[in-house]
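First up is the structure itself, then whatever we jot down about it.
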Amino acid sequence: MSSRWKAIGMLDSGVGGLTIQREILNHLPNESTVYFGDTGRAPYGSKSMESILRFAEEGIKFLLNNYPVKLVVLACHTISAVAYEHLKSMVDAPLVEVVGPTVDLAMKATRNRRIGVIGTEALINSNIYKKKLEERGDVKVFPQPCPLLMPLSEEGWFKEPETYSITRKYVGPLVDEGIDTLILGCTHYPPLIEAIRSALPEHVELIDPAVAVAEETSRILRENNMTTEDDSPRHLYIVTDNPERFKRVGERYLGRSIYYIRLITL
Ligand code: DGL
């Protein structure tokens, strides 16, 4: 590695953040990335705030201490919700998180000001979407934790009838509340979009922030003169357990091959 080689760092609990990385690679094809997926301790979404904070802090320190990272993307709603403020106070590198862009998109989309949010238990318990959306205007927010959707997504059960019926069970009460906008508050959910869509009336808008996060990353790099024109960018994946599974599940989310995985112990 040359001393001038600098990468976009990405922090996630496991594989879900690859649905964000997919858009980052589409938008910034010359950038190298180092992705940290804490597969040994995932899922974060069922953990306490204290554990998520500690795990996220250890993950970002590992990234910044071991790799020349110029910016870090928190590629996870749960980490963004629970740990963004803490991590921001800790690191000098620019940090991109996913909640802000999601709130912007949802506020633009809603007409009747009734917004549903689905995500992990920790994300919903953090109340972050409710708080941030209500700060932006007179909206009513309907949160719904969906702990079974993450494993269905990792299992690749995108089209199974069981996925459709479980999704309906979670989303049905939000439909009854008359939402016209639904935030996909977990990076595992975009691959389930057909099942989620089928549980909603046609006019309900689905909000996935992946493209907006990629655009925000691109904007920060440009504004800080940190872009690269590398013809052969490298993509490295750091995991804390089971690299084989990370590759198998991850390639489905990323839509391309994963070549370099390093297994580490924190
Ligand atoms: N996909 C992550 C998110 O966006 C959560 C996965 C987990 O629970 O670790 O919140």
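Could you grab me the full set of residues in the stretch 144-164 that are surrounded by 20 or more Cβ atoms within 10 Å (Cβ to Cβ) and part of a helix (DSSP H, G or I)? Selection gives LEU149, MET150, LEU152, SER153, GLU154, THR163. Filtering the stretch 42-74 to residues that are among the basic types (Lys, Arg) and in a loop (DSSP other than H, G, I, E, B) leaves only LYS47.
Here's the yes/no breakdown for (1) buried (at least 17 other Cβ atoms within 10 Å of the Cβ); (2) farther than 25 Å from PRO101 by Cβ; (3) touching a Leu at 6+ places or on another chain (Cβ under 8 Å):
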residue: ILE166; (1), (2), (3): yes, yes, yes
residue: GLU194; (1), (2), (3): no, no, no
residue: PRO209; (1), (2), (3): yes, no, yes
residue: THR227; (1), (2), (3): no, no, yes
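State all residues of the stretch 38-60 that are crowded, with 24+ Cβ neighbours inside 10 Å and more than 10 Å from the ligand (Cβ to nearest atom); if no residue qualifies, say none. Hits for the stretch 38-60 are ALA56, GLY59, ILE60. Annotation note: of SER232, SER257, SER198, the sole residue that is among the hydroxyl-bearing types (Ser, Thr, Tyr) and at pLDDT below 95 is SER232. Among the candidates TYR84, TYR35, the residue that is under 17 Å from the mean Cα position of the chain (by Cα), more than 12 Å from the ligand (Cβ to nearest atom), part of a helix (DSSP H, G or I) and crowded, with 18+ Cβ neighbours inside 10 Å is uniquely TYR84. Among the residues making up the stretch 121-143, those that are part of a strand (DSSP E or B) and away from the ligand (no atom under 14 Å from the Cβ) are LYS140, VAL141, PHE142.
The values are calculated or read from the model by the stated rules, or taken from the named source; none is laboratory data. All of these numbers come straight from a predicted model, not from anything done at the bench. Cβ coordinates were reconstructed from backbone atoms using ideal geometry, including for glycine residues, and neighbour counts include every protein chain displayed.
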